[in-house]
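Asker: Structure in structure tokens, see below.
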Amino acid sequence: MIQSIAFVITLAIAVYFIRKRVLRLRDNIRLGKETTITGDKGQRLKNMILVAFGQQKMFKKITPAIFHFFIYAGFLIINLEVLEFIIDGILGTHRVFAPFLGGLYPVLMNMFETLAVLVLFACVVFLVRRNVLNIARFQSAEMTKWPRLDANLILVIEVILMSAILCMNAADQLLQVRGEAHYTATGKLFFSSFLIPAFENFSNGTLIFIERFAWWFHIIGILAFAVYVTYSKHLHIFLAFPNTYFAKVEAKGHINNMPVVTHEVKSMLGLADANATPPATSGKFGAKDINDLSWQNLLAAYSCTECGRCTAECPANQTGKKLSPRKIMMDTRDRMEEVGNSIAKGGPGLADGKSLLGDYITKEEINACTSCNACVEACPVMINPLEIIVELRRYVSMEESGAPASWNSMYQNIETNFAPWKFSPSDRFNWAKEETK
Ligand code: SF4
Ligand code: SF4
């Protein structure tokens, strides 16, 4: 009874903190502008199933994809066992599903144990990869203390949680063999039975303590993990699904025009429909802060796994420029957090005298972008850092006239000569005249 009450209180505390954080995330994403999600819904759904659920883009790098798949499958399937933990915790039962599932129960338990071992193995491999092999994309400048700690912490937590399951099952099996009351027969559990020799000399009382401790440790660990995930880059576990659904389905080279500018240009060229209503002016071109970006851009920032695949493919980054598309996404998320926390505390929020452009992302970074889309292609969860870069550049060029001088003369040439060069359109065929002389 006391255990059930303690469990319900623990569960309620976790649910309270998760709910509070989810609402904050929703409010932060809503700081973004409304946007129209275009493209075929069927295609969006297909992207979500293939890319988020099926991990399709991860398999471009086969070895990490396989290890990542172990962790992903473990997360999806082992969590089914958590359902039994929760029911046992509330009702004060032990392995409540065992009598109902009969012979299927040990099969399922062995499957969970196999996944637990695979997850454990994959986490150790990833820890070695990050901390011993020092893969370049995990060492970039933006991977400061917290992002590195966050990545390691989650792997260590997984290792501990999976070890707790195996210890719990080993102690449980010994108690079953010794006929201890309430310990329902599960049949042989393959992987945890390797740990039995380490526990054999313990008394029943010690084994019950180990089993109960591992059970509580595991469930508290899972609940704490669920709260922690909402503050970490591991939010991608959930947000990869909406992000892939709402991601752009048009060709990568397609960049959304600004309707006001398009109308203006068409009017200048005499191509505008005289009867059409001119588009409403937005008041600002491009983006200076997060509220100028779309909510879809902000959702993408929370979905970023900080894997750095985008930065590793970025030609600007490869040639030593300051630009890192991963940092663009991390900065957008950090600014959202800053504004959201300020609003929650009754502070100035967006009016804090800071902005995404300038305080987080510099002109040097955005000007280094070649708009090549390599980052978009590389991202395993269909994030588009280029969209944010383009919006920031639009603001610098159109609101601040702050583009580099060479770009400004190119803009002027396009406006006056209809081409990036400084020659009059009437001189375009001079080269042919030279040839015929
Ligand atoms: S689009 Fe820009 S940020 Fe993305 S890879 Fe190309 S140069 Fe880098
Ligand atoms: S934007 Fe995509 S590729 Fe880049 S770090 Fe984030 S998840 Fe990885």
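The values are calculated or read from the model by the stated rules, or taken from the named source; none is laboratory data. Remember, it's a predicted structure, so these values are computed and weren't measured experimentally. Every residue, glycine as well, gets a Cβ built from its backbone with ideal geometry; the counts of neighbours run over all protein chains shown.
Asker: For region 378-390, give me each residue that is touching a helix residue (DSSP H, G or I) at 6+ places or on another chain (Cβ under 7 Å) and within 14 Å of ligand 1 (Cβ to nearest atom). Let's see the steps before the verdict.
Answerer: Residues of region 378-390 touching a helix residue (DSSP H, G or I) at 6+ places or on another chain (Cβ under 7 Å): 378-389.
Once the filter is applied, which keeps residues that are touching a helix residue (DSSP H, G or I) at 6+ places or on another chain (Cβ under 7 Å) and within 14 Å of ligand 1 (Cβ to nearest atom), region 378-390 yields Ala378, Cys379, Met382, Ile383, Asn384, Pro385, Leu386, Glu387, Ile388, Ile389.
Asker: Quick test for you: out of Ile208, Ile219, pick the one residue that is in contact with a Gly (Cβ under 8 Å, 6 or more places away or on another chain) and buried (at least 17 other Cβ atoms within 10 Å of the Cβ).
Answerer: On the way: Ile208 fails: in contact with a Gly (Cβ under 8 Å, 6 or more places away or on another chain).
Only one candidate qualifies: Ile219.
Asker: Is it true that some residue in region 36-50 is in contact with a Leu (Cβ under 9 Å, 6 or more places away or on another chain) and of a type in the set (A, V, I, L, M)?
Answerer: No, that holds for no residue.
Asker: List every residue pair whose Cβ atoms lie under 8 Å apart, where the two residues are 6 or more positions apart in sequence or sit on different chains, the first residue falls within region 371-385 and is aliphatic (A, V, I, L, M), and the second residue, located anywhere, is within 6 Å of ligand 2 (Cβ to nearest atom) and outside any helix (DSSP H, G or I).
Answerer: Val376/Ile383; Val381/Cys304; Val381/Thr305; Ile383/Cys304
Asker: Only one of these conditions is not met by Leu357: (1) hydrophobic (A, V, I, L, M, F, W, C); (2) farther than 20 Å from Phe285 by Cα; (3) more than 15 Å from ligand 1 (Cβ to nearest atom). Which number is it?
Answerer: In the conditions (1) hydrophobic (A, V, I, L, M, F, W, C); (2) farther than 20 Å from Phe285 by Cα; (3) more than 15 Å from ligand 1 (Cβ to nearest atom), Leu357 misses (2) alone.
Asker: While we're on this one: Which is aromatic (Phe, Trp, Tyr) and surrounded by 19 or more Cβ atoms within 10 Å (Cβ to Cβ), of Phe238, Phe246?
Answerer: Step by step, each of Phe238, Phe246 is checked, and only Phe246 is aromatic (Phe, Trp, Tyr) and surrounded by 19 or more Cβ atoms within 10 Å (Cβ to Cβ).
Asker: Then there's this: Is it fair to say Arg137 is assigned by TED's automatic domain parsing to the domain that holds His182 and under 29 Å from Ala6 (Cα atoms)? I'd like the intermediate steps shown before the answer.
Answerer: Numbers: assigned by TED's automatic domain parsing to the domain that holds His182: yes; under 29 Å from Ala6 (Cα atoms): no.
Against the criterion (assigned by TED's automatic domain parsing to the domain that holds His182 and under 29 Å from Ala6 (Cα atoms)), Arg137 does not qualify.
Asker: What's the total number of residues in region 274-302 that are among the basic types (Lys, Arg) and either in contact with a His (Cβ under 7 Å, 6 or more places away or on another chain) or within 16 Å of ligand 1 (Cβ to nearest atom) (or both)?
Answerer: 0
Here's the yes/no breakdown for (1) free of Cβ contacts under 8 Å to residues at least 40 places away in the same chain; (2) of a type in the set (Phe, Trp, Tyr); (3) touching a Gly at 6+ places or on another chain (Cβ under 7 Å); (4) not in a helix (DSSP H, G or I):
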residue	(1), (2), (3), (4)
Arg137	no, no, yes, no
Ser140	no, no, yes, yes
Met143	no, no, no, yes
Trp146	yes, yes, no, no
Ala151	no, no, no, no
Ile154	no, no, no, no
Leu161	no, no, yes, no
Asn169	no, no, no, no
Gln173	yes, no, no, no
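Asker: If a residue counts only when it is among the hydrophobic types (A, V, I, L, M, F, W, C), at pLDDT 95 or above and buried (at least 16 other Cβ atoms within 10 Å of the Cβ), which helices (runs of 4 or more DSSP H) contained entirely in region 277-357 have at least 3 such residues?
Answerer: Numbers: elements: 295-303, 309-313, 315-318, 325-344.
Helices (runs of 4 or more DSSP H) meeting the threshold: 295-303, 325-344.
Asker: In region 266-282, which residues are touching a helix residue (DSSP H, G or I) at 6+ places or on another chain (Cβ under 9 Å) and under 17 Å from Glu415 (Cβ atoms)?
Answerer: Met268, Leu271, Ala272
Asker: Moving to a separate point now. What pairs can you find where one residue is in region 330-346 and over 15 Å from Asp289 (Cα atoms) and more than 16 Å from ligand 2 (Cβ to nearest atom), the other is among the aliphatic types (A, V, I, L, M) and assigned to a helix (DSSP H, G or I), and their Cβ atoms are less than 8 Å apart, with a gap of 6+ or different chains?
Answerer: That search, which allows pairs on different chains as well, returns nothing.
Asker: Moving on to the next point. What about Thr305, is it touching a residue at least 60 places away in the same chain (Cβ under 8 Å) and within 16 Å of ligand 1 (Cβ to nearest atom)?
Answerer: It is false that Thr305 is touching a residue at least 60 places away in the same chain (Cβ under 8 Å) and within 16 Å of ligand 1 (Cβ to nearest atom).
Asker: Can you work out which of the residues in region 361-416 that are assigned to a loop (DSSP other than H, G, I, E, B) and more than 14 Å from Cys310 (Cα to Cα) is farthest from ligand 2 (Cβ to nearest atom)? Please lay out each step first, then the result.
Answerer: Going residue by residue through region 361-416, those that are assigned to a loop (DSSP other than H, G, I, E, B) are 362, 368-373, 379-384, 399-404.
Imposing the further condition that a residue be more than 14 Å from Cys310 (Cα to Cα) reduces the set to 362, 368, 399-404.
Numbers: Thr362: 19, Ala368: 16, Glu399: 26, Glu400: 26, Ser401: 30, Gly402: 26, Ala403: 25, Pro404: 26 Å.
This residue is Ser401.
Asker: If Lys188 satisfies every condition in (1) charged (D, E, K, R); (2) closer than 21 Å to Leu101 by Cα; (3) part of a helix (DSSP H, G or I) but one, which is the exception?
Answerer: Tallying (1) charged (D, E, K, R); (2) closer than 21 Å to Leu101 by Cα; (3) part of a helix (DSSP H, G or I), Lys188 fails exactly one: (3).
Asker: Looking at (1) within 30 Å of Phe285 (Cβ to Cβ); (2) touching a Leu at 6+ places or on another chain (Cβ under 8 Å), which is the only condition Met258 fails?
Answerer: Among (1) within 30 Å of Phe285 (Cβ to Cβ); (2) touching a Leu at 6+ places or on another chain (Cβ under 8 Å), the lone unmet condition for Met258 is (2).
Asker: With Ile49, Ile87, Ile77 as the choices, which residue is assigned to a helix (DSSP H, G or I), over 18 Å from the mean Cα position of the chain (by Cα) and free of Cβ contacts under 8 Å to residues at least 24 places away in the same chain?
Answerer: Ile87
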